[in-house]
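One structure is given here, and the rest of the page talks about it.
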Amino acid sequence: MSTLSHARRRSLGAVCAVAATLLIVAGCSSSSTPTETVADQVTISNHMFQTPASVKAGATITVRNDDSDEHTVTATAGGFDTEVQGKQTVTFTAPTSPGSYDFYCKYHPSMKATLVVS
């Protein structure tokens, strides 16, 4: 066996090891985080609402409260009013008329967001 052949095999072995490591790391990584916005889900975290870009009229909306405190998702002009205990998940039905619906938390009025219904 020549030295060149041995060097090529070592290089090929190193490339394979790096590729295998990258595949393992990629397989173990996750693009989701606990506060990632999910379709048809309002997430409450750190006393802030995270909403999807829009939801379909009449869709079932999941509210996930990652905080320990109790919160509400209360439409300013009516249409929905849902209470969710700390670390709990509830659902409500989105309005059936398209539009933008401002909402807030009754217990923490500075928490505000908008639900866009299409």
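Proximity of backbone amide H atoms, modeled 1.01 Å from N, is registered between VAL42 and THR62, VAL63, ARG64 at under 5 Å, excluding neighbours fewer than 5 places apart on the same chain. Here is the list for region 57-115: trypsin sites (Lys or Arg not before Pro) lying in DSSP coil, each with at most 12 other C-beta atoms within 10 angstrom of its C-beta, are LYS87. Couplings 3J(HN,Hα) for region 44-52, derived from phi with the Karplus relation 6.51 cos²θ - 1.76 cosθ + 1.60 (θ = phi - 60°), are 10, 8, 6, 6, 9, 8, 10, 10, x Hz, where x marks Gly and Pro.
The phi torsions of region 97-106, fed into the Karplus equation with coefficients 6.51, -1.76 and 1.60 and a -60° offset, translate into couplings of 9, x, x, 9, 10, 6, 9, 8, 9, 4 Hz, rounded to whole numbers, with Gly and Pro shown as x. Taking all protein chains as shown and a probe of 1.4 angstrom, ASP102 keeps an accessible surface of around 90 Å².
Amide H contacts of LYS112 (H built 1.01 Å from N, in plane; Pro and chain starts excluded): PHE49 sit under 5 Å, all sequence-distant by 5 or more or on other chains. For region 76-91, 3J(HN,Hα) computed residue by residue from phi via the Karplus equation (6.51, -1.76, 1.60; θ = phi - 60°) reads 4, 9, x, x, 7, 7, 10, 9, 9, 5, x, 6, 10, 10, 9, 10 Hz, glycine and proline entered as x.
Using a simple spin-label model with pseudo-atoms 7 Å out from Cα toward Cβ, LYS87 and SER110 lie 2.5 nm apart. Derived from the Cα gyration tensor, the three semi-axes of the equivalent ellipsoid of region 49-92 are 18, 12, 9 Å, largest first.
The values are calculated or read from the model by the stated rules, or taken from the named source; none is laboratory data. Here the structure is a predicted model, which means the values were calculated and not measured. Note that we place each Cβ from the backbone using ideal geometry, even for glycine, and neighbour counts take in every protein chain shown. Note: accessible area is taken over every heavy atom of the protein model, side chains too, but ligands, DNA and RNA are not part of it. Shrake-Rupley method; radii C 1.70, N 1.55, O 1.52, S 1.80 Å.
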